[in-house]
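The values are calculated or read from the model by the stated rules, or taken from the named source; none is laboratory data. Fair warning: this is a prediction, and the values are worked out from it, not measured in the lab. Don't worry about glycine lacking a Cβ; one is built from the backbone with ideal geometry, like all the others, and counts go over all protein chains shown.
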Amino acid sequence: MRLMPKFLSVKEVPSLFWSSPKALTITPPIVSVTFLIIGLTLFGLGEALLIAAGVGVSPWTVLAQGITHVTGWSIGFATFITSFVVLFCWIPLRQVPGIGTILNAVIIALVLEFLLPFLPTFDNFMFQLGEAVLGVLVTGFGGGLYLIANLGPGPRDGLMTGLQKVTDLPIAWVRSGLELTVIAAGWALGGSVGLGTVLFALGIGPSVAASMYFFKSVFSNYAVTD
């Protein structure tokens with residue numbers, strides 16, 4: 001009897017009707033751009049929900065905190081340097097950037113800036129936990145949506161897909177392993193780890209994989225964008 005859910009075995013980003021034929025292009029299909037923007041907006045909303053929950057920051061923010069603790073840099077600068085290093089790691093992994101790589105930073109930053117103040121915050125721990133779980137699920141859903149658009153992943157998602165191709169392991173396991181490694185490094189450098197951090201690390205990979213599995217199951221009979 002198969003005990004592992006099928007979505008945990010997903011190994012590649014599917015090509016569906018909103019997938020662009022090429023990641024690096026100056027004339028992307030409108031439908032691809034539309035789904036890219038929707039996906040990134042949801043991705044940013046999920047991260048904002050995790051922040052609003054107040055039970056722990058994302059693993060990469062923990063790493064940025066750790067780097068700040070060691071170097072004295074600001075969180076923003078540490079995050080920028082981390083993203084640059086991750087992009088450098090794309091070279092041996094042969095990852096291709098696109099407009100999605102740029103819009104990833106822009107749209108998520110805008111969502112955090114303008115939506116975060118309007119999200120609810122709770123004193124009750126169970127409500128905080130529920131908001132954090134919702135944040136992980138929404139982030140995964142948006143991540144699957146925008147990655148399928150095939151217009152270039154963000155730095156961390158590109159590292160995930162690149163490592164998946166090299167290892168041939170399921171996306172869920174690659175992402176979870178990556179996030180847990182980042183938590184360990186950030187914590188060792190002095191970053192703060194909360195329950196929400198662990199939830200994100202363990203949940204984002206399966207959440208992204210589940211969204212891809214769902215979209216492929218529902219839309220696989222539709223023609224891919226020409």
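Only one of the numbered conditions (1) free of Cβ contacts under 8 Å to residues at least 12 places away in the same chain; (2) in a helix (DSSP H, G or I) is not met by ASP123, and that is (2). Of the residues making up region 137-151, just one is over 12 Å from SER211 (Cα atoms) and either in a helix (DSSP H, G or I) or not aliphatic (A, V, I, L, M) (or both), namely ASN150.
Looking across region 69-110 at every residue that is closer than 19 Å to GLY56 by Cα and surrounded by 14 or more Cβ atoms within 10 Å (Cβ to Cβ), the one that is farthest from the chain's Cα centre (by Cα) is identified as HIS69.
State whether the residues of region 46-56 include one that is closer than 20 Å to PHE215 by Cα and surrounded by fewer than 17 Cβ atoms within 10 Å (Cβ to Cβ). No: region 46-56 contains no residue that is closer than 20 Å to PHE215 by Cα and surrounded by fewer than 17 Cβ atoms within 10 Å (Cβ to Cβ).
So that you can scan it fast, the table gives a plain yes or no per residue for (1) more than 20 Å from THR68 (Cβ to Cβ); (2) among the small types (Gly, Ala, Ser); (3) without any contact (Cβ under 8 Å) to a residue 60 or more places away in the chain:
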site	(1), (2), (3)
LEU178	yes, no, yes
VAL182	no, no, no
GLY186	no, yes, no
GLY190	no, yes, no
PHE200	no, no, no
PHE219	yes, no, no
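Screening ASN150, ASN124 for residues that are among the polar types (S, T, N, Q), crowded, with 19+ Cβ neighbours inside 10 Å, modelled with pLDDT of 95 or more and more than 13 Å from the chain's Cα centre (by Cα) leaves exactly one candidate, ASN150.
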